[in-house]
Amino acid sequence: MEQYAAWQALVKAGEATSWQKYYVYFYQAFVDKDRWMQYLNGVLTTLYVTALALLIGVILGVIVAVVRTAHDQQRPGKRSPVLGFFNAILKVYVTVIRGTPMMVQLMIMGFVIFASSRDFALVGALTLGINSGAYTSEIIRGGLMSVDAGQMEAGRSLGLNYTDTMRFIIVPQAIKAILPSLGNEFIVLLKDTSLISVIGGKELIYAARAIVSRTYEALFPYLGTALIYLVLVMLFTWLLGIFERRLRASDLR
């Protein structure tokens with residue numbers, strides 16, 4: 001602490017060496033006034049928003065993909081008007097979400113629809129989840145449609161109804177095909193949590209910006225934030241790799 005104070009005085013006087021400057025900048029970015037706690041709180045908020053948005057996105061994605069796949073797989077002459085109605089609505093949802101920037105969606109949700117809410121993290125998670133659901137649905141739908149149509153006929157010939165055929169035959173095959181794409185979407189979702197700071201969400205970027213506004217030095221706060229995101233993404237990628245290896249191992253049994 002005494003060394004930091006002494007070197008800080010040298011920095012202010014313009015007499016510090018490069019090493020002394022970097023030491024002071026690092027210390028004031030992470031150690032001084034327990035600022036590391038701000039990063040920790042930002043990471044916890046980031047993980048909370050990611051987990052909640054991931055849950056919302058997967059649920060929405062599965063529902064949209066199943067409805068649209070069921071509509072597309074109807075036999076000619078036996079099309080359900082109810083499925084057609086919901087398929088049209090869901091197509092509009094996917095088109096609108098994929099056709100507008102995430103930043104705009106966050107601003108509409110944060111400053112218009114939920115303007116009176118002070119739970120910015122929850123609003124951000126809801127927005128990210130709705131956005132992710134559109135992309136996830138297309139990934140899942142593509143995986144379901146990629147399974148050979150003969151698999152559905154084989155299930156029907158065994159006496160299985162549509163739901164059981166999807167559950168026991170189609171979905172297990174589709175999961176292995178879509179897992180890499182889903183993993184990429186989840187990683188993008190983790191990084192997109194940085195955008196909720198525009199509506200007041202106190203995640204990792206918010207913490208870094210708050211520290212920069214107090215220290216007037218941006219190098220270490222933003223560099224540290226980038227490294228934290230990199231570690232989180234690497235951890236997520238490692239977990240996905242374990243899951244993929246287990247799926248491959250189950251095929252060999």
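Only the coordinates and a few stated rules stand behind these numbers; no lab work does. This is a predicted model, so every value here is computed, not measured. Glycine also receives a Cβ, built like all others from the backbone with ideal geometry; neighbour counts cover every protein chain displayed.
Of note:
- Note that segment 25-32 has calculated 3J(HN,Hα) couplings of 5, 5, 4, 6, 7, 10, 9, 4 Hz, one per residue in order, obtained from phi through the Karplus relation 6.51 cos²θ - 1.76 cosθ + 1.60 (θ = phi - 60°); glycine and proline are x.
- Computed from backbone phi with θ = phi - 60° and the Karplus coefficients 6.51, -1.76 and 1.60, the 3J(HN,Hα) list for segment 202-212 is 8, 9, 5, 5, 4, 5, 4, 5, 5, 5, 4 Hz; x is used for glycine and proline.
- Degrees between helix 2-13 axis and first principal axis of the chain (Cα, 0 to 90, nearest 10): 80
- Within segment 179-194: backbone nitrogen closer than 14 Å to the R248 label point (7 Å, Cα to C-beta): 179-180
- Net charge, I211 excluded, C-beta distance under 15 Å - Lys, Arg +1, Asp, Glu -1: +1
- Our note on the geometry: Cα centres of segment 106-137 and segment 39-53, 15 Å apart.
- Number of Lys pairs (Cα under 27 Å; 8 or more positions apart or on different chains) in segment 36-251: 5
- Compared with the direct C-alpha span, the chain from M107 to V171 gains 19.4 nm at full extension, assuming 0.36 nm per residue.
- Over the chain: helical MRE at 222 nm, DSSP H runs n ≥ 4 each giving -39500 (n - 2.57), nearest 500: -26000 deg cm²/dmol
- Sequence-separation-based contact order of segment 36-251, relative, with Cα cut under 8 Å and 6+ spacing, percent: 30
- Cα-derived Rg over Rh, computed across segment 85-205 with Rh taken as Kirkwood radius: 1.11
- Cα long-axis angle, helix 81-99 against the chain (0 to 90 degrees, to the nearest 10): 20
- Structure-derived percent of Cα pairs over 32 Å apart: which label, when the choices are [x] 30; [y] 41; [z] 36: [y]
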